[in-house]
Amino acid sequence: MGRIGIFDSGYGGLTILRSIREKLPEYDYLYLGDNARAPYGTRSFDVVYEFTLQAVKALFDRGCELVILACNTASAKALRTIQQRDLPRLAPDKRVLGIIIPTVESLGSTSTGGNIGVLATEGTVSSGTYDIEIAKFFPTFRTVSVACPMWVPLVENSEYDAPGADYFVAKYIEELFSQEPETDTIILGCTHYPLLLPKIERQVAGRARIVTQGELVASSLVDYLKRHPEIESRCDKGGSVEYLTTENVDKFAALAGVFMNQPLRAGRIEL
């Protein structure tokens, strides 16, 4: 079973899976959400690395040839170590990819003035990964990053569309513009945040372009599979998708169905 694995600490990675399936519906996918230990945003580098490596191993054990860390915190805190230290000994013929680089690469065509705002979890912001990668690709760009600690809980508790969420959406966006009024492009650096997009767009009110990650990551995967036929040839094409969670399966299925716009069933896994 040569599947493509999608991992996230919670539900947000489903926005990435949905976009990927829209572009590549023929492949078989296995989604793993570590919902019982979410969120990862406030956890240390060591803990995020340990949890992420456990998930990658579980996906490899279940036949995944390629794993995408559809979580900005995991991509920021664990990806490089897993790629450089763990893959060569665990599974040298398999691959683990993140979602930050495809997001950063898109800024050349989306930013008009080189003033980039990043809205993300505390873990992603504290890692400095976006600042570092943006500086590598676009040395003249200026970056301001703001942590939004209340946004993931709003999504995870199905409060993303509630009137009370407006206060916390406005709070972090205005903090960003107060630090850099000339911000022209805003990266939503957490895969949960697209569910807050209608409120975010109303608050931004046209002052900046908003970059979401789903379509960018999906397009990047299309390109990756074309450039790596040795990986692509081992990915089965049955059009299936399976969901695993470390939480209660009924709870997961109820909220995950909102992300995927369809009812679904899930199995439980222990990491």
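The values are calculated or read from the model by the stated rules, or taken from the named source; none is laboratory data. No experiment lies behind these values; they were computed from the predicted model shown. Neighbour counts run over all protein chains shown; Cβ positions are idealised from the backbone, glycine included. Just the protein is used for accessible areas: all its heavy atoms, side chains included, with ligands, DNA and RNA removed. Shrake-Rupley method; radii C 1.70, N 1.55, O 1.52, S 1.80 Å.
Does the range 241-258 include one or more residues that are under 21 Å from the mean Cα position of the chain (by Cα) and more than 23 Å from residue 158 (Cα to Cα)?
Yes, that holds for at least one residue.
Suppose we keep only residues that are outside any helix (DSSP H, G or I) and either open to solvent by 40 Å² or more (accessible area, probe 1.4 Å) or acidic (Asp, Glu) (or both) within the range 146-157. Which one would you say is nearest to residue 168 (Cα to Cα)?
Going through the qualifying residues, I end up with 150.
Filter the range 29-47 down to residues that are open to solvent by less than 30 Å² (accessible area, probe 1.4 Å) and outside any loop (DSSP other than H, G, I, E, B) and give me whichever is nearest to residue 151 (Cα to Cα).
Only one residue fits best here, namely 35.
Among the residues of the range 158-168, which ones are open to solvent by 70 Å² or more (accessible area, probe 1.4 Å) and of a type in the set (Phe, Trp, Tyr)?
Correct list: 167 only.
Tally up the residues in the range 198-221 that are open to solvent by 40 Å² or more (accessible area, probe 1.4 Å), in a helix (DSSP H, G or I) and over 13 Å from residue 99 (Cβ atoms), please.
Total satisfying the criteria: 4.
Only one of these is assigned to a strand (DSSP E or B) and either free of Cβ contacts under 8 Å to residues at least 12 places away in the same chain or open to solvent by 10 Å² or more (accessible area, probe 1.4 Å) (or both): 22, 65, 50, 26. Name it.
One residue alone meets the criteria, 65.
Table: residues versus (1) within 21 Å of residue 200 (Cβ to Cβ); (2) under 17 Å from the mean Cα position of the chain (by Cα).
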position: 70; (1), (2): yes, yes
position: 81; (1), (2): no, no
position: 88; (1), (2): no, no
position: 96; (1), (2): no, yes
position: 103; (1), (2): yes, yes
position: 108; (1), (2): no, no
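Checking residue 185 against (1) open to solvent by less than 40 Å² (accessible area, probe 1.4 Å); (2) modelled with pLDDT of 95 or more; (3) among the polar types (S, T, N, Q); (4) under 26 Å from residue 67 (Cβ atoms), which test does it fail?
Answer for residue 185: the failing condition is (4).
Working carefully through the options 268, 234, find the one that is more than 26 Å from residue 49 (Cα to Cα) and at pLDDT 95 or above.
Exactly one residue qualifies, and that residue is 234.
Please go through the range 253-271 and give me each residue that is assigned to a loop (DSSP other than H, G, I, E, B) and open to solvent by 70 Å² or more (accessible area, probe 1.4 Å), ordered by number.
Listed by number, the residues that qualify are 261, 262, 263, 265, 270.
Being closer than 29 Å to residue 45 by Cβ and open to solvent by less than 60 Å² (accessible area, probe 1.4 Å): is that true of residue 135 here?
When the stated conditions are applied, residue 135 passes them.
Mind checking which pairs have a first residue in the range 211-232 that is among the acidic types (Asp, Glu) and a second that is open to solvent by 50 Å² or more (accessible area, probe 1.4 Å), Cβ under 9 Å, 6 or more apart or different chains?
So the pair list comes out as 215/22; 215/23; 230/93; 232/226.
Just for the range 1-19: of the residues that are open to solvent by 20 Å² or more (accessible area, probe 1.4 Å) and modelled with pLDDT of 95 or more, which one is nearest to residue 58 (Cα to Cα)?
In this case the residue turns out to be 18.
Let me confirm something: among 143, 112, 81, which residue is surrounded by fewer than 19 Cβ atoms within 10 Å (Cβ to Cβ), β-branched (Val, Ile, Thr) and not in a helix (DSSP H, G or I)?
From the options 143, 112, 81, the qualifying one is 112.
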